[in-house]
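All remarks here apply to the structure that follows.
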Amino acid sequence: MRIFYKSIRQVIGKQPIEPKLTLTRARILNASEAIDDVLKQRGFRADKMLLKLLPGVTDVDAEIEALKEQQKEEADSLGNDMGFEDGE
């Protein structure tokens, strides 16, 4: 390895940069497996923590707000389908 660095120094005329090793934890590549793992933890961990584990979710707070809005719209739609109007 030292011979390699000496050769580099001769070619570029300065001290070469030492290589750094960076290790990262392996992630599940299969999205359906990740989702199954998250669903199995439901009830044992907070929903906000579980949302962080889902692939494709980058902004947990925005996702929670979107879910609340969706639930409100579905509840309103269900009420209207049953013949109820707002305020009843």
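Readers should treat all values here as calculations from the given coordinates under stated rules, not as data from a laboratory. Because the structure is predicted, anything quoted here is derived from the model rather than measured. Heads up, the Cβs are rebuilt from the backbone with ideal geometry, glycines too, and the neighbour counts pull from every protein chain shown.
Taking label points 7 Å from Cα along the Cα-to-Cβ direction, Thr24 and Val60 give a separation of 2.0 nm. Applied to segment 64-72, the Karplus parametrisation 6.51 cos²θ - 1.76 cosθ + 1.60 on θ = phi - 60° returns per-residue 3J(HN,Hα) values of 5, 4, 5, 5, 4, 5, 5, 5, 5 Hz, with x for Gly and Pro.
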